[in-house]
1. How many residues, within region 172-205, are of a type outside the set (A, V, I, L, M, F, W, C) and under 16 Å from Ser253 (Cβ atoms)?
2. Here is a list: Tyr201, Tyr244, Tyr220. Which entry is surrounded by fewer than 15 Cβ atoms within 10 Å (Cβ to Cβ) and within 23 Å of the chain's Cα centre (by Cα)?
3. For residues that are assigned to a strand (DSSP E or B) and more than 30 Å from the chain's Cα centre (by Cα), tally how many sit in region 76-96.
4. Looking only at region 57-77, count how many residues are buried (at least 17 other Cβ atoms within 10 Å of the Cβ) and on the phi < 0 side of the Ramachandran plot.
5. Which numbered condition trips up Arg39, out of (1) of a type outside the set (A, V, I, L, M); (2) within 28 Å of the chain's Cα centre (by Cα); (3) surrounded by fewer than 13 Cβ atoms within 10 Å (Cβ to Cβ)?
6. What number of residues within region 163-196 are over 26 Å from the mean Cα position of the chain (by Cα) and under 29 Å from Arg110 (Cα atoms)?
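No lab work stands behind these numbers, since they all come straight from the coordinates. None of these values were measured; they are calculated from a predicted model. Methodologically, a virtual Cβ is constructed for each residue, glycine included, from the backbone with ideal geometry; neighbour enumeration extends over all protein chains shown.
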Amino acid sequence: MTRFASANKGISRHYDMQYTGSDFALFTSLTHSDFDDLRMGSRRSHGYEDWGKVYHYIEDGEQVENPNPNIQKNTGYSQTDFMQKVILKLHPKWMLTGNIQYSNSSDIPRFDNLNDYNSVSYDNENDQTIYEGLKYALWNYGPQKRYFYSLQIDHSLNTRLIDSAQFIFAYQDVFESRHVQKFDPNDELELVDRYENVDVYSININLRKKALRYGLEYYYNSVSSNAFITDDRDQNRPYPQTRYPNGGSSMSSIAGFATYSKNFIEQLRLNTGIRYTQNQLDAIFHSVPDVWELPYDNLSYKYTALTGNISLAFHPDDSWKVAQLLQLAFMLQTLMILVSFFTRAVF
């Protein structure tokens with residue numbers, strides 16, 4: 001299957017193949033997409049004639065005028081996605097499902113930063129907007145790679161506590177980077193490259209007994225973060241201000257949950273759920289003399305939360321429904337929220 005988009009001359013090609021047998025099934029999927037620079041529509045009926053136009057962009061280290069301001073220069077990228085899924089029925093009561101995924105991309109420009117000026121003002125006398133120099137010569141996300149593997153085991157049984165059981169073991173490896181260089185027409189400024197690698201491990205256990213569903217969930221995230229700076233002599237050296245703690249960081253969570261549903265009558269249904277979660281975050285910081293120093297070299301954060309919900313829905317017929325919901329929730333404190341505080345100090 002091929003799809004074309006006129007807004008960015010994007011072409012996506014998708015191929016898939018599947019086979020289904022009595023005890024074996026196979027599904028293969030491959031998608032590749034190429035996107036050119038995005039084009040904005042030329043009709044601006046709202047009355048703001050300059051809205052969305054791009055007047056300048058960086059080419060070969062110089063700021064040049066855009067011959068067609070409706071074209072958002074340097075926004076094109078490409079992406080490839082692959083998935084392989086295999087289902088194997090070992091026994092009438094046992095089934096295995098394997099899932100392998102791979103994704104990759106080209107550099108992905110951060111257009112909202114590439115289109116950012118040092119100063120924008122309005123000249124009332126000449127009735128025109130004045131743009132004073134683009135801020136960045138380069139602001140790209142580097143190729144983003146993702147590997148994913150999972151094994152799912154389904155087992156049917158008939159005991160006092162369990163009708164069916166499902167176990168899911170998964171691992172995901174995510175690699176991403178950010179490359180930033182400010183723009184100065186009189187000098188080639190330093191290029192900062194930041195790299196992050198995230199390893200994600202997870203285990204899910206889902207059990208069911210009639211209308212009762214319960215289980216356990218565990219996951220562990222490990223993050224490594226590095227940064228380098230390249231000067232005008234093309235010398236690459238370590239850079240202290242990483243996006244996440246430079247000594248590494250991790251986050252883990254374990255939770256138990258249960259849900260229950262019941263129809264009192266055909267038109268009246270009760271849904272309830274409860275979940276207990278325990279999260280822990282750890283981060284290590286290596287101070288760099290004469291650059292930045294912290295009064296501590298590690299951070300540990302641990303918390304628990306008990307959440308739940310109960311809802312009652314009444315629907316006398318298909319045309320209308322009355323429902324009441326009561327729910328407790330909490331905000332998950334992530335690495336992004338707690339420890340990704342270095343980037344803004346520089347850019």
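1. 5
2. Just a single option satisfies the conditions, and that option is Tyr201.
3. 6
4. 8
5. (3)
6. Residues flagged as over 26 Å from the mean Cα position of the chain (by Cα) and under 29 Å from Arg110 (Cα atoms) within region 163-196 amount to 8.
Listed here are the residues, each with its yes/no results for (1) part of a loop (DSSP other than H, G, I, E, B); (2) touching a residue at least 40 places away in the same chain (Cβ under 8 Å); (3) more than 24 Å from Glu132 (Cβ to Cβ).
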| site | (1), (2), (3) |
| --- | --- |
| His14 | no, no, yes |
| Ser33 | no, yes, yes |
| Ser42 | yes, no, yes |
| Trp51 | yes, no, no |
| Gln63 | no, yes, no |
| Asn74 | yes, yes, no |
| Gly98 | no, yes, yes |
